[in-house]
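The values are calculated or read from the model by the stated rules, or taken from the named source; none is laboratory data. This is a predicted model, so every value here is computed, not measured. Here Cβ is always computed from backbone atoms with ideal geometry, including for glycine, and neighbour counts include all displayed protein chains. In case anyone asks, the SASA skips ligands and DNA or RNA and just uses the protein heavy atoms, side chains included. Shrake-Rupley method; radii C 1.70, N 1.55, O 1.52, S 1.80 Å.
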There are 2 protein chains.
Amino acid sequence: MTKEDSHLERIKFNPYKDKIISAAEAALLIPDQAVVGASGFTKAGDSKSVLPAFAERAAKENVAITLITGASLGQTTDADLANNNALIKRMPFQADSILRKSINEGKVKYVDQHLSETIEQLQEGHIPQVDIAIIEATYIDQNGYIIPTTSIGNSAYFATVAPKIIIEVNNAIPISICGIHDNCVPLEQPRRAAIPIHNVKDKIGESFIRLNPENVIAVVLSNIEDTPAQLSEPDEKTIAISKHLLHFFEQEVKKGKLTYSLLPLQAGIGKVANAVLTGFLHGPFENLTMYSEVLQDSTFELIDSGKMTFASGSSITVTQECYSRLLQNIDQYKDKLILRPQNISNAPEVIRRLGIIAINTAIEFDIYGNVNSTHIGGNKMMNGIGGSGDFARNAYLSIFVTQAASKNNNAISHVLPMVSHVDHTEHDVDILVTDQGLADLRGLSPRERAEVIINNCVHPDYKEELKDYFERAKKQGGHTPHLLEEAFKFHIRFKETGTMKTK
Amino acid sequence: MTKEDSHLERIKFNPYKDKIISAAEAALLIPDQAVVGASGFTKAGDSKSVLPAFAERAAKENVAITLITGASLGQTTDADLANNNALIKRMPFQADSILRKSINEGKVKYVDQHLSETIEQLQEGHIPQVDIAIIEATYIDQNGYIIPTTSIGNSAYFATVAPKIIIEVNNAIPISICGIHDNCVPLEQPRRAAIPIHNVKDKIGESFIRLNPENVIAVVLSNIEDTPAQLSEPDEKTIAISKHLLHFFEQEVKKGKLTYSLLPLQAGIGKVANAVLTGFLHGPFENLTMYSEVLQDSTFELIDSGKMTFASGSSITVTQECYSRLLQNIDQYKDKLILRPQNISNAPEVIRRLGIIAINTAIEFDIYGNVNSTHIGGNKMMNGIGGSGDFARNAYLSIFVTQAASKNNNAISHVLPMVSHVDHTEHDVDILVTDQGLADLRGLSPRERAEVIINNCVHPDYKEELKDYFERAKKQGGHTPHLLEEAFKFHIRFKETGTMKTK
């Protein structure tokens, strides 16, 4: 079967066959200044042909768009768009070093959003409506509806509301993936119903994305795999963090607060969260479940080992090895997996109802437990808040992990007198873990929190100075003792000397 | 009818009649070091006899408790408890100047919580379980169940789980109040169901609080009205804030985003929020509804005027005049009012589903729209976060109001380079209003937010310095430009010189 035959078999709605054009042609259909809603969540299921073609077009022509996606994109798409000045505004998440540079230079306006809220804000008219949707599809059914690929993100909403739709049919994804998606679009307030999910397995929508076929202006054919995740091996610090956390869970089980199945897990992306999940492979835990955003390698390792019985997410973002294994064996995962729109995977009501254990990564936290997830040095954006706020606020347990110190000679302490940017307030943080230890903050007042955090989580090189800060701040009094003159002294010292250390 | 007769008629469950004792005797039943769960939400429906008697006992004897309530208490109860060193820990909210002093001196450990989360944390075992509940009742029904008074707060949960219960039967509250309460207790995760509220009027529980009558260890008789709210008259600034906001709502209606019925309103306590609501009396708005925590005078003025058709809250906290009018005419309000447990009035899922317009008061906000609702000078607690986070995070529109500047010669600017404490991050703030004007931040990146906030909300005396800060910060770059060395210069200058002004 030639590649083209195989593509045509994937378009089961004949009227679309006349709309097949190249990616470059489709890119010309995107008006300058348009608001584009594109599929893609953490490199998975993104537009791999049309958006890159638009970036190429922008290299030759003065065109730019507002780009709304699920989350970050794969390939070099965000970088190419930024390099060619093709982005006016970007939301709700990104994780690209070149786009990041443009954002920090003020060239691209970045709106960093809770991932559950983008559809809310579009639906409420708080942000401009999508002019054109670009959605990657595994295939198109006989009604002209889309079967998505490896993520859902905001795709179902974009396709429902956009007056113009471009579909990328990607035959690198096996047709048998159909059935893992659960698409739905919320009603507007105040006509909205409860989200009827009472178990991580509950399906509430449809395997396809509904749309008005008359809105489809182009179909583009592609054969490109998702950009693989790069997962570095666990190191001494991530292993230490994982051990502290697994020990904590065991203690909670011993106290009768949890069973060895725990409660549904959420884990942020990255090597620390992945290492924690991998740690469950060797412990006494069993019948684990996940209600998360991104399903990473560790999810599939836990499913393969029999430790995890079900995982719900909004995207599958895995390494090349895991990706190949998954796509070749998709049938055996289908009753253990579900992909949902991100307003559902991250819905406060479902997170609170199910009682999620949320594990997310902090850039830094302070002695009172306020967490910075997004900014370096108080001003420079790293990636974005993503779904960490959706989960941290509503979780049964809100856990943040980071290394106690990093860089050469531990020049950076990740525990500070005061964080330089707040994404999660102390109200929303239950447990903090570094390689040094774990701080259980539940039910503690700020001064009690400071004691536990300084004692358990701080790198030894910084412990004395933080203790001294806290003791002197207490003399000035206050519920949350601080010396505003000194609150950022670690950050300022680093900027001036290249290390947070005094000597 | 003597007072005692009238009381005995209110105890329709005979076994309790043998348990009637004085408040002083009941106070002796509270063990030292106990965790006490008491009724009371923003001065309404609080323990007016037993807790004050416990404070008296603590004046003579070395006893102290952890006190969990709905929110703040009336009379001088929190002050007396603090003065007599009777509080080890206090949660989830307070608003008393003497208790505040003890908290800021580190004498009382205060755990400032989102008001929706106290029951979550108790149920999940994150905070110690309640040893003894003290609940104010209008009367006790034939099953020994409690009909609450002017608030629900966390009472239904406390009465369900506490192994010992003291009931205060207060016959200052008319029996006819029965029917406005909607009590319920959530199941533990993961067995929990969706909260089936799809309209502000929906009732999902029972008019009484269920309990095990065998757990009732004492019944105390009282005849004490709630401590009235003190509402200062609207002044020039609050009227200006109200006008800006009402104008904004009219514009939203003209754009077709809202109707003149708006969406259900939430308003924080205090004169600014009250003035905004009072402003609806004279505008084109109609068929308004409320889904809030505290129902204040303005709610009843709007109901009386026919402008508001229904109000849902967790307490009724009004001035003496309004209180008398309400209690005398409770029957005519009963089909327009409902009181709910605070985990329901403040439930994220209901707030997001109904699409609430949330109006809360800020102590200060910064040029990027981060809000401080709780701390003075970065360290001293004022009251607490209350429900502002529950609403701001999940609302259709999250609005914060404050005066642009205050004190003699406008020595304090309420718009700062950086807030000294963050309760609500920029992600959760849509609209900021001061007497100077309104900043609509929806869909804006941080640099765009700063432009609008500085232009619209800042007092003229501080505009140039904030502009200068922002311009110089931009030169250092960053998504959220800041100069950490100067970020708190307004606060530090105020501490040193008594004014935030340079001259």
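Pairs linking a residue in the range B:369-390 that is on the phi > 0 side of the Ramachandran plot to a residue that is among the aromatic types (Phe, Trp, Tyr) and open to solvent by 10 Å² or more (accessible area, probe 1.4 Å), with Cβ atoms under 6 Å and 6 or more positions apart or on different chains, are B:GLY384/B:PHE93; B:GLY386/B:PHE93.
Mind checking whether some residue in the range B:281-295 is in contact with a strand residue (DSSP E or B) (Cβ under 7 Å, 6 or more places away or on another chain), buried (at least 23 other Cβ atoms within 10 Å of the Cβ), in a helix (DSSP H, G or I) and not small (Gly, Ala, Ser)? Checked the range B:281-295: no residue is in contact with a strand residue (DSSP E or B) (Cβ under 7 Å, 6 or more places away or on another chain), buried (at least 23 other Cβ atoms within 10 Å of the Cβ), in a helix (DSSP H, G or I) and not small (Gly, Ala, Ser). Selection over the range A:429-445 of residues that are within 14 Å of chain B (Cβ to nearest Cβ), assigned to a loop (DSSP other than H, G, I, E, B) and under 17 Å from A:ILE359 (Cα atoms) gives a count of 4. Among the residues making up the range A:313-326, those that are surrounded by 19 or more Cβ atoms within 10 Å (Cβ to Cβ) and in a helix (DSSP H, G or I) are A:CYS322, A:TYR323, A:LEU326. From the list A:VAL415, A:VAL433, A:VAL422, A:VAL452, pick out the single residue that is touching a strand residue (DSSP E or B) at 6+ places or on another chain (Cβ under 7 Å), in the same structural domain as A:ILE359 (by the TED database), hydrophobic (A, V, I, L, M, F, W, C) and open to solvent by 30 Å² or more (accessible area, probe 1.4 Å). Testing whether each residue is touching a strand residue (DSSP E or B) at 6+ places or on another chain (Cβ under 7 Å), in the same structural domain as A:ILE359 (by the TED database), hydrophobic (A, V, I, L, M, F, W, C) and open to solvent by 30 Å² or more (accessible area, probe 1.4 Å) leaves just A:VAL452.
Looking across the range A:171-207, the residues that are away from chain B (no Cβ under 14 Å), among the β-branched types (Val, Ile, Thr) and in a loop (DSSP other than H, G, I, E, B) come down to A:ILE173, A:ILE180, A:VAL185.
For first residues located in the range A:188-203 and farther than 15 Å from A:ASN343 by Cβ, partners that are among the small types (Gly, Ala, Ser) and surrounded by 15 or more Cβ atoms within 10 Å (Cβ to Cβ) and lie 6+ apart or on another chain with Cβ distances below 8 Å form the pairs A:PRO190/B:GLY355; A:HIS198/B:ALA194; A:VAL200/A:ALA311; A:VAL200/A:SER312; A:LYS201/A:SER312.
If you go through the range B:254-269 and keep only what is surrounded by fewer than 19 Cβ atoms within 10 Å (Cβ to Cβ) and either touching a residue at least 24 places away in the same chain (Cβ under 8 Å) or not assigned by the TED database to the domain that holds B:ASP297 (or both), you end up with B:TYR260, B:SER261.
For the range B:327-351, the candidate set comprises residues that are touching a helix residue (DSSP H, G or I) at 6+ places or on another chain (Cβ under 7 Å) and open to solvent by 20 Å² or more (accessible area, probe 1.4 Å); within that set, the residue that is modelled with the highest pLDDT is B:LYS336. Screening the range B:1-115 for strands (runs of 3 or more DSSP E) wholly inside it with 2 or more residues that are among the small types (Gly, Ala, Ser) and outside the structural domain of B:ILE316 (by the TED database) returns the ranges B:35-38. Checked across the range B:163-174, the condition of being in contact with a His (Cβ under 8 Å, 6 or more places away or on another chain), at pLDDT 95 or above and either open to solvent by 60 Å² or more (accessible area, probe 1.4 Å) or not polar (S, T, N, Q) (or both) holds for at least one residue. Considered as a group, the residues in the range B:411-428 that are among the β-branched types (Val, Ile, Thr) and outside any strand (DSSP E or B) include one that is nearest to the other protein chains (Cβ to nearest Cβ), and that residue is B:VAL422. In the set (1) open to solvent by 10 Å² or more (accessible area, probe 1.4 Å); (2) away from chain A (no Cβ under 13 Å), B:PHE158 fails one condition alone, (1).
Per-residue answers, yes or no, for (1) outside any loop (DSSP other than H, G, I, E, B); (2) in contact (Cβ under 8 Å) with a residue 60 or more places away in the chain; (3) under 23 Å from B:ILE127 (Cβ atoms):
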| position | (1), (2), (3) |
| --- | --- |
| A:SER398 | yes, no, yes |
| A:ASN409 | yes, yes, no |
| A:ARG447 | yes, no, yes |
| A:GLU451 | yes, no, yes |
| A:ASN455 | yes, no, yes |
| A:LEU484 | no, no, no |
| A:ARG493 | yes, no, no |
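Number of residues in the range B:439-495 that are within 30 Å of the chain's Cα centre (by Cα) and of a type in the set (Lys, Arg): the value is 3. Can you name the residue in the range B:2-24 that is modelled with pLDDT of 95 or more and more than 20 Å from B:GLY144 (Cβ to Cβ) and, of all such residues, is least open to solvent (accessible area, probe 1.4 Å)? Top of the filtered list is B:ALA23.
Inspection of the range A:69-83 identifies no residue that is within 11 Å of chain B (Cβ to nearest Cβ), in contact with a strand residue (DSSP E or B) (Cβ under 7 Å, 6 or more places away or on another chain) and not polar (S, T, N, Q). For the condition modelled with pLDDT under 95, surrounded by fewer than 18 Cβ atoms within 10 Å (Cβ to Cβ), among the acidic types (Asp, Glu) and assigned to a loop (DSSP other than H, G, I, E, B), A:GLU225 does not qualify. Only one entry in B:ASN394, B:ASN370 is touching a helix residue (DSSP H, G or I) at 6+ places or on another chain (Cβ under 6 Å), within 9 Å of another protein chain (Cβ to nearest Cβ) and open to solvent by 10 Å² or more (accessible area, probe 1.4 Å), namely B:ASN370. Taking (1) closer than 14 Å to B:ASP46 by Cα; (2) crowded, with 24+ Cβ neighbours inside 10 Å in turn, B:GLN75 satisfies each apart from (2). As for the range A:197-207, it holds no residue that is over 28 Å from A:LEU326 (Cα atoms) and open to solvent by 60 Å² or more (accessible area, probe 1.4 Å).
Quick grid of which residues meet (1) within 14 Å of chain A (Cβ to nearest Cβ); (2) of a type in the set (Val, Ile, Thr); (3) in contact with a Cys (Cβ under 9 Å, 6 or more places away or on another chain):
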| position | (1), (2), (3) |
| --- | --- |
| B:LEU245 | no, no, no |
| B:VAL253 | yes, yes, no |
| B:LYS271 | no, no, no |
| B:PHE280 | no, no, no |
| B:ASN287 | yes, no, no |
| B:GLY306 | no, no, no |
| B:PHE310 | yes, no, no |
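Within the range A:83-103, identify whether any single residue is under 23 Å from A:VAL219 (Cβ atoms) and in contact (Cβ under 8 Å) with a residue 60 or more places away in the chain, and answer yes or no. For the range A:83-103, residues under 23 Å from A:VAL219 (Cβ atoms) and in contact (Cβ under 8 Å) with a residue 60 or more places away in the chain: absent.
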